[in-house]
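Scroll down for the structure; my scribbles are underneath it.
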Amino acid sequence: MQAPGQRVAQPRSHNRQTALLDAAARVFRQNGYAITTMRDIAAASGMTAGAIYYHYPSKGDLLLAVYREGVRRVTEAVTSAMDAVPAGARTDDGWRRLERAVVAHAQIMLAVHPDDAP
């Protein structure tokens, strides 16, 4: 039961988590971990450093979250590609699944690092 005058937390109408992690990944990649500050990430994400510290107590915690999100995205893309059987395929052997996994991995890496493409 709520006491009179007590604030009840309302769910946020939008979640900036993805935008924050994308901005942090971009700034870490451009500047390197050692040089990057939370203010740099705040400026790139359109948030305040205080808002970021509310969710991530340190720059290291934020880097770990960026890493985990990257692994999650790659895993999701590779698993989805491996499980997708092409229309009209008569067989779907391990080599074809592996080929789709490698292509999916390459595509997501190039989407993240387009300047590294040949």
Discussion item. With the requirement that a residue be open to solvent by 40 Å² or more (accessible area, probe 1.4 Å), among the hydroxyl-bearing types (Ser, Thr, Tyr) and in a helix (DSSP H, G or I), what does segment 34-70 give you?
Written reply: Tyr53, Tyr54, Tyr67
Practice prompt. Considering (1) at pLDDT 95 or above; (2) out of contact with any His (no Cβ under 9 Å at 6 or more places or on another chain); (3) of a type in the set (A, V, I, L, M, F, W, C), say which one Ala89 fails and leave the rest.
Written response: (1)
Worksheet item: Would a scan of segment 83-93 turn up a residue that is basic (Lys, Arg) and part of a loop (DSSP other than H, G, I, E, B)?
Response: yes
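The values are calculated or read from the model by the stated rules, or taken from the named source; none is laboratory data. Computed from a predicted structure; not experimentally measured. Counting neighbours? That spans all protein chains shown, and the Cβs are built from the backbone with ideal geometry, glycine included. Areas reflect the complete protein model, heavy atoms only, side chains present, ligands, DNA and RNA absent. Shrake-Rupley method; radii C 1.70, N 1.55, O 1.52, S 1.80 Å.
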